[in-house]
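The values are calculated or read from the model by the stated rules, or taken from the named source; none is laboratory data. As the structure is a prediction and not an experimental result, all values here were calculated from the model. Cβ atoms come from the backbone with ideal geometry, glycine included; neighbour counts cover every protein chain shown. Quick note on the areas: whole protein, heavy atoms, side chains included, nothing else; ligands and nucleic acids left out. Shrake-Rupley method; radii C 1.70, N 1.55, O 1.52, S 1.80 Å.
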Amino acid sequence: MTRILTLIALLFATPALSHGGRTNAEGCHNERATGGYHCHSPKSNSSLGSKFKNEAFFNTLLANKLLGQEETRHNYSYSTGSSFIRVDIETDDFVIEGGLDKRSSLDSLQQALFAAQLTGKTPVVVIYDTDGEEGRFEFRVKIAAKAAGVKYFNLSEKNILDFNGLK
């Protein structure tokens, strides 16, 4: 009898599937369900013996410096349904979208502007400089932010530690 119950349980059991991963080099990926983009906690890089500094690492560093909240969620409705967005960092006055100095940062301006419309706060875009150079993606975001009247900062890890605020 026990064997029959075990066999029945195995036949009706659903497999437990883990997150498929598919993150880029920064530990980030697009989220099909929400249309958003997010990064997972900084990974440990055992070959270097230090933490891999992805977008989440820099967002945490900046949020702590500004006494802001990370990954705040805001719901919204549209003509055929509802969804939500996550704001990388939010303070009393600002919604801040952070991005690495990579291609993935190109949607930061759109995200900051949309979050500002939902919250009534001032949009800010921060690109995290990982290589000491202004590359093509940083340049594109900077020019677009200026055209849209959005505050833009390009900050390295050291700049964040020395940062005096957004005002």
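What the table shows:
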read-out	value
Probe 1.4 Å, all protein chains present, accessible-area order of L113, L161, largest first	L161, L113
Point-to-point label distance, Q117-E133, nm (Cα→Cβ direction, 7 Å offset)	3.6 nm
Greater than 25 Å apart at Cα, pairs in K53/K146; K65/K151; K65/K102	K53/K146
From phi via Karplus (6.51, -1.76, 1.60), per-residue ³J(HN,Hα) for the range 93-102 in Hz, x at Gly/Pro	10, 10, 10, 10, 9, x, x, 6, 7, 10
Long-range HN-HN contacts of V95 with modeled amide H, under 5 Å	T122, V124
Modelled label reach - K65, point 7 Å along Cα→Cβ, the range 111-134 residues with backbone N closer than 20 Å	112, 122-134
